[in-house]
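The values are calculated or read from the model by the stated rules, or taken from the named source; none is laboratory data. Just so you know, these numbers come straight off a predicted model, no measurement behind them. For neighbour counting, all protein chains shown are included, and Cβ atoms are generated from backbone atoms with ideal geometry for every residue, glycine included. In case anyone asks, the SASA skips ligands and DNA or RNA and just uses the protein heavy atoms, side chains included. Shrake-Rupley method; radii C 1.70, N 1.55, O 1.52, S 1.80 Å.
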Amino acid sequence: MITAHEARRLCLDEDPEAAAELFRRHGLDPRGLGRLLSSTAGADEPARSETVELLDAWGRAAEAELYVPSRRDGRSPGLIVGLHGVGSSGAVLRDQLRGLADACGAVLLCPNALRPYGTSSNFDVAGIFGSRFREARWTTDPGDLPARALRWAREHLAVDANRCALVGVSMGGIATWGMASRRWDGLAMAASINGAPSLWEMFGPDNTMRELLPNALGVPLTVVHGVRDRQIPLVLARDAVTHLRGRGHRGISFVEVPEGEHRLGTMGFEPGNPQFDEVVRCFGAAQRKPWPGHVRHRARERAHGRAHWVEMADLHPGTTATVDARAVDRGHLVVRASGCSRLRLFLGDRLVDRGRVLVTVNDEVREMDFRPSLLDAVSTYGEADADPGRMAEMVVDMTLPEIREEEGTSC
């Protein structure tokens with residue numbers, strides 16, 4: 001019998017057609033493969049601390065500090081990826097968040113940031129360091145380490161893929177906001193400590209941030225900020241929380257620390273204090289729901305065009321693409337989208353039934369035949385960064401019918 005680890009390796013390392021044929025010979029169908037890839041049975045992670053190596057999408061290596069606490073119950077552990085601030089490191093943050101991992105019963109993985117690959121606007125850190133800041137930092141590019149650390153853990157560790165979280169401090173908190181506004185569908189929750197969605201807001205509106213922030217409605221958030229923080233003003237985090245609450249976010253909490261300054265060591269981040277206990281509470285309650293019946297998403301870059309089972313492609317330059325996708329029932333999907341020319345639907349039998357499926361796209365009705373495919377399941381597992389909750393049993397590409405501007409639906 002193929003183990004979950006062996007199945008992950010086959011999906012990621014072998015030719016997709018060869019891997020699909022091997023799974024077929026072992027009696028696996030697409031749904032069975034998905035269950036196997038999600039399984040943590042018989043793969044208990046022993047308690048340990050060690051340094052591991054991560055690779056970004058461009059082949060650059062970075063060290064990451066791994067901490068696995070002792071198990072306290074039979075539940076599969078969740079994952080916390082910790083993102084450090086400027087001048088810190090994965091080793092320092094691991095020691096600072098070890099108590100959080102113990103309290104949450106979660107595996108902790110803290111990578112070291114690298115300098116951005118290629119060009120970068122630096123808008124998100126300009127408020128502290130200026131536009132010429134060229135040191136190691138996080139980006140929301142799917143090839144950079146925040147996303148790659150999540151992928152590495154799902155690939156190599158026996159963690160629950162539906163209980164993965166980001167906890168970022170300072171610069172890492174900025175990155176956490178950025179990921180929650182772009183790649184929210186892979187997270188069970190996110191926590192920012194002395195971070196903000198964008199420091200560019202200190203000088204004027206960051207229009208990209210404001211356009212994408214509504215995506216964070218899809219993920220529980222805990223925001224912790226020191227009242228005495230002089231590097232990232234409290235008001236930036238408070239305004240973002242107020243905005244999201246005004247849009248109906250019911251899973252967001254905000255803890256102000258009266259004596260807290262910018263350094264994590266001043267924040268009293270330890271058991272018994274509300275700033276610590278609220279992160280533990282939020283993580284304990286968080287459980288990502290794969291294949292939701294309703295998906296709303298915005299994107300300004302193709303790399304962030306997907307959310308759950310719908311992806312916008314061929315985005316129109318200079319605009320914000322939006323999609324509102326809903327499963328009316330298990331045989332009918334309704335999608336409205338703008339700002340892009342093509343859509344990809346990632347179908348699975350947790351969303352629709354086999355056979356005839358109607359898809360209404362911008363009021364145009366199309367009919368398709370949903371037939372699960374092992375080849376599509378294998379291929380999309382790798383495309384989805386080793387996330388079994390985002391793999392599909394069939395992929396459908398379609399051209400997007402145009403809609404008149406006044407009919408557009410704002411997501």
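Flag: S341 matches the condition of being closer than 26 Å to A57 by Cβ and surrounded by fewer than 17 Cβ atoms within 10 Å (Cβ to Cβ). May I ask you to verify whether S341 is part of a strand (DSSP E or B) and among the small types (G, A, S)? So S341 fits the description; yes. Just wondering, is there one or more residues in the stretch 343-354 that are modelled with pLDDT under 95 and closer than 16 Å to G305 by Cβ? Looking through the stretch 343-354, none of the residues is modelled with pLDDT under 95 and closer than 16 Å to G305 by Cβ. Hey, any hits in the stretch 33-50 for a residue that's in contact with an Asp or Glu (Cβ under 7 Å, 6 or more places away or on another chain) and modelled with pLDDT of 95 or more? Looking for residues that are in contact with an Asp or Glu (Cβ under 7 Å, 6 or more places away or on another chain) and modelled with pLDDT of 95 or more, one finds none in the stretch 33-50, hence no. Looking at (1) crowded, with 17+ Cβ neighbours inside 10 Å; (2) in contact (Cβ under 8 Å) with a residue 40 or more places away in the chain, find the lone condition where V357 falls short. Status for V357: all satisfied but (2). With the condition kept exactly as written, say whether any residue in the stretch 313-325 is over 20 Å from the mean Cα position of the chain (by Cα), modelled with pLDDT of 95 or more and acidic (D, E). Checking the stretch 313-325: at least one residue is over 20 Å from the mean Cα position of the chain (by Cα), modelled with pLDDT of 95 or more and acidic (D, E). In the stretch 320-338, which residue that is out of contact with any Cys (no Cβ under 9 Å at 6 or more places or on another chain) and free of Cβ contacts under 8 Å to residues at least 24 places away in the same chain is nearest to R350 (Cα to Cα)? Per the criteria, the residue is R330. On inspection, E256 fails the criterion of being of a type in the set (D, E) and more than 26 Å from the chain's Cα centre (by Cα). Set side by side, the residues D314, D363, D397, D324 differ, and just one is surrounded by fewer than 19 Cβ atoms within 10 Å (Cβ to Cβ) and over 30 Å from T140 (Cα atoms), which is D363. Taking strands (runs of 3 or more DSSP E) as the structural unit, those lying wholly within the stretch 186-291 and holding at least 3 residues that are among the small types (G, A, S) and surrounded by 20 or more Cβ atoms within 10 Å (Cβ to Cβ) correspond to 189-193. Number of residues in the stretch 197-251 that are closer than 19 Å to H304 by Cβ and polar (S, T, N, Q): the value is 4. Taking every residue in the stretch 284-307 that is farther than 23 Å from T319 by Cβ and pairing it with any residue that is in a helix (DSSP H, G or I), at least 6 positions away or on another chain, the pairs with Cβ-Cβ distances below 8 Å are G284/C104; R288/D185; R288/G186. Counting only residues that are more than 17 Å from R75 (Cβ to Cβ) and surrounded by fewer than 23 Cβ atoms within 10 Å (Cβ to Cβ), the stretch 153-170 holds 2 of them.
It is to be established whether one or more residues within the stretch 300-308 are open to solvent by 40 Å² or more (accessible area, probe 1.4 Å), modelled with pLDDT of 95 or more, over 22 Å from L351 (Cβ atoms) and part of a strand (DSSP E or B). No: zero hits.
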